[in-house]
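First up is the structure itself, then whatever we jot down about it.
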Amino acid sequence: MTGAAETSGTEPFLQIAGLRKSYGATVVLRDITLDVRRHECVALIGASGSGKSTLLRCINLLEVVDDGTVTLEGRELTDPRVDVDAVRTGVGIVFQAFNLFPHMSVLDNVTLAPRKVHGIRRSTAERDALEMLDRVGLADRARAKPDQLSGGQQQRVAIARALVNRPAVMLFDEVTSALDPELVGEVLDLLAELKNDGMTMLVATHEMGFARMVADRVVFLADGVVAEAGPPEQVLGDPVDPRTQRFLRRIIDAGRL
Amino acid sequence: MTEVPPASWPGPDEPEGPPAIGAHRYAATGPDPVATVAIDDWTPSAVEVARRAYRRRRSVRSAVIAAVATVVLLAVVVLVLVNTPGWPKFRERFFDLSYGWEVLPDIAEGLWLNIRLAVVCEIGILIVALTVALARTLRGPVFFPIRAAAVAYTDLFRGLPLILVLLLLGFGMPSLKLEWLPTSALFWGCAALILTYGAYVSEVLRAGIESVHPSQRAAARSLGLSHGRTMQYVVVPQAVRRVMPPLLNDLVALIKDTGLISVLGVVYDAVLNAQIETAQTFNYTPYVVAGVLFVLITVPLTRLTDWVARRQGWTGGGGQV
């Protein structure tokens, strides 16, 4: 613990300051500064390769940052002295490709962290997991293997698997990009429900409809910095930054907005 | 179902309002991949009937050709063999049925020792191999000595011929005259097999571990699992399933190589028993008997493992092509 600052609804809950990350000579994130309030849902948009995924992976400490800090509830996550495993249980992440464990049943996927990280007894963990699976509408598929589920169902299991850790913030990394068009809705509905339940969320997405209707704020990443941030209707409807304008123009031309 | 959910979230410029957020609309769930189609009263069309008849004719034809070819080939081999000038002597020396039957119990008893040795060694090998493979996956400068030791071990014991390891340990260790060291040839024979095969099997396991996609590790670590727990519950179980065929390959090779312990002289396994018999009678039939017994052990083992792997759904891919 580096400090136990009180957090209220107005104070920043998740603070990203001066974040820099490069892979070799490629600088992906140059200088990212972004504050997320408690219960806020922030949509991260930007072209492919603009660093949306990298930013989320840095917050979850799956990547070691080159510079800058990430602070959650007054505690600096990027401090090398913190216990990364403890940090990660407080920061849930859901990936584009689901990444379920294929050799385990749906139920075992969801109970793995509670049992092996938190040491919860199997019976208790399974009861909690079934409750969570019920919430994502999949309690009846608890005994199935991931490859017996549709993409949308697999992604909902992945969300349940992250949620059983009771994270303070959830990161979604283009969670609908690998789904067939008719399956996108069921996952976005779930995200909207989570937001309504007060979850603090950072959602990297190409779904402009979702960003427009669910997000409290839209953040546009370009050239490794936050190029534009603001309410959805402003960023998507009346963008100021020329890079945002160009990006949205391309999306409109592709028939996606 | 009163409400048909939208295929995707509408864009902001579309006229209809946002869907009721928070409403349960999981009717949008896609088709269930394992759902079965209700049985209807389908009968194959004329085209399908003709196709099936054609396929049946082709497979009958293939089977007949294969059977005839096999019989002809075998007949040729037997005829050539039987007509060689040395055949009568060869048959007497290598295929003396009554003598083979006579030595069978001795050799079978020896084989039982081979099997027990293989089981004990395999357990040791898997422990050594997994430890070494995991040591090689450790990252960071702190673990350099462990990684280096694991690499050195693999390089050394993959390079040394097994027979040399057997001789060096089997005769070398007892000659050190250390009281606390075991002197039994059986012990040092097993140690040599474990060390040599441990090096091979560790490479097989390492290949399996590295074949598990990094995203699996990322998913496990993101849930808060430590490196060790990630390996234990996520990576190694998937790795072992994938390398089952080469692991079995090494087990079969091990069963046969337990016979090499007989170079130490006092381990009465199938090979040594056959050798003793042959030395008394100058008839090689006992070797053939031992060979047949080894094959009889290893073939069912291969089939059993294939069957288990299929039943557990461990074998990937599949399908017709």
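Laboratory data are not the source of any read-out in this text; all were calculated from the coordinates shown. Everything numeric in this text was worked out from a predicted model, so none of it was measured. Cβ atoms come from the backbone with ideal geometry, glycine included; neighbour counts cover every protein chain shown.
Descriptive notes on the structure:
- Helical contribution to [θ] at 222 nm, DSSP H n ≥ 4, -39,500 (n - 2.57), averaged over the protein assembly as shown, rounded to 500: -17000 deg cm²/dmol
- Region B:159-213: chymotrypsin sites (Phe, Trp or Tyr not before Pro) in DSSP loop, at most 15 other beta carbons within 10 Å: B:Trp180
- Estimated FRET transfer efficiency when R0 is 51 angstrom, pair A:Asp238-A:Asp79 (beta carbons, to 0.05): 0.80
- Peptides B:53-59, B:103-109, A:109-115 ranked from most to least packed, by the mean per-residue count of other Cβ atoms within 10 Å: A:109-115, B:103-109, B:53-59.
- Peptide B:118-126, shielding by other chains (average Cβ, 10 Å cutoff): 0
- Note on the protein assembly as shown: dipole from Cβ charges, positive end direction compared against B:Val142, B:Ala63, A:His39; the farthest Cα belongs to B:Ala63.
- Equivalent-ellipsoid semi-axes of chain B, from the Cα gyration tensor, Å, largest first: 54, 38, 15
- Highest average first, the peptides A:238-245, A:12-19 ordered by how many other beta carbon atoms sit within 10 Å of their residues are A:12-19, A:238-245.
- Within region B:170-291, the ratio Rg/Rh, alpha carbon atoms throughout and Rh by Kirkwood, equals 1.19.
- Of B:Pro300, B:Ile107, B:Phe94, farthest towards positive along the dipole that unit charges on Lys, Arg, Asp, Glu beta carbons give chain B: B:Phe94
- For the protein assembly as shown: span of alpha carbons on each principal axis (Å, largest first): 100, 79, 48
- Magnitude of the charge dipole for chain A, about its Cα centre and with charges confined to Cβ atoms of Lys, Arg (+1) and Asp, Glu (-1), is about 560 debye.
- The string of couplings for region A:67-81 from the Karplus curve (6.51, -1.76, 1.60, θ = phi - 60°) is 6, x, 9, 10, 10, 10, 6, x, 10, 7, 6, 7, 5, x, 7 Hz, one whole number per residue in order, with x for Gly and Pro.
- Considering only A:Ser123, A:Gly51, A:Phe101, and ranking their Cα positions along the charge dipole of region A:39-131 that arises from unit charges at the beta-carbon of Lys, Arg, Asp and Glu, the one farthest toward the positive end is A:Ser123.
- When DSSP beta bridges are restricted to pairs lying wholly in the protein assembly as shown, around 55% turn out antiparallel.
- Cα-projected label distance for B:Ala75 with B:Thr131, points at 7 Å along beta-carbon direction, nm: 6.0
- Taking every Cα-Cα distance in chain A and sorting them into 10 Å bins from zero, the calculated P(r) comes out as 7, 30, 35, 22, 5, 0 percent.
- 10 Å Cβ neighbours from other chains, averaged over peptide B:246-258: 0
- Counting Cβ atoms of other protein chains within 10 Å of each Cβ in A:204-212 and taking the mean gives 3.
- Kirkwood hydrodynamic radius (C-alpha pairs) into Stokes-Einstein, region B:42-152, 37 °C and 0.692 mPa s, D in µm²/s: 150
- Modelled spin-label separation between B:Ala46 and A:Glu131, with each label point placed 7 Å from Cα along the Cα-to-Cβ direction: 6.6 nm.
- Shown here: region A:188-257, whose C-alpha atoms stretch 35, 26, 19 Å along the first, second and third principal axes, sorted largest to smallest.
- Cα centroid separation, region A:179-242 to region B:286-307 (Å): 63
- Largest GNM mean-square fluctuation among B:Leu126, B:Leu251, B:Leu181, using chain B with Cα springs under 10 Å: B:Leu181.
- Highest to lowest packing among B:276-286, A:93-103, scored as the average C-beta count within 10 Å: A:93-103, B:276-286
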